[in-house]
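The values are calculated or read from the model by the stated rules, or taken from the named source; none is laboratory data. Just so it is clear, the model here is predicted, and its values are computed rather than measured. Neighbour counts are summed over all protein chains in view; Cβ atoms, including those assigned to glycine, are modelled from backbone coordinates with ideal geometry.
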Amino acid sequence: MFPAHALFKKMGDLGLLGLTKPEEFGGMGLDYSYSVVAAQALGKIHCGGVPMAIGVQTDMATPALARFGSDELRREFLAPAVAGDMVACIGVSEPGAGSDVAGVKTTARKDGSDYVINGSKMWITN
């Protein structure tokens, strides 16, 4: 089994999961060219799943949180993801839509201070 938690913790300790993320949440605050260099290096790994899992963490599951999340959400979810203490994931693919985000039917409805999510996913990535 892929040891995602152990690998991500090591990468987080080295700062590699937060190259472009805000410094106040444990990132390095660098421009995206550093992520390109990191992705090129990861591309040399002879296993597609490992760099893909890292890319999901750094470039799919955390960028919107880093840019649009409240400070509270960024402290709770982004900082641990950048540190490698939390493995982030995404759920996009749905029956009838595949991974076409324009065809996603899942909805979120505010219910007091919570959200009720209705829909179905075929699988979760990471």
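Scanning segment 1-31 for residues that are surrounded by fewer than 11 Cβ atoms within 10 Å (Cβ to Cβ), part of a loop (DSSP other than H, G, I, E, B) and modelled with pLDDT of 95 or more returns LEU14, ASP31. A single entry from GLY112, GLY84, GLY119 fulfils the requirement of being without any contact (Cβ under 8 Å) to a residue 60 or more places away in the chain and out of contact with any strand residue (DSSP E or B) (no Cβ under 7 Å at 6 or more places or on another chain): GLY112.
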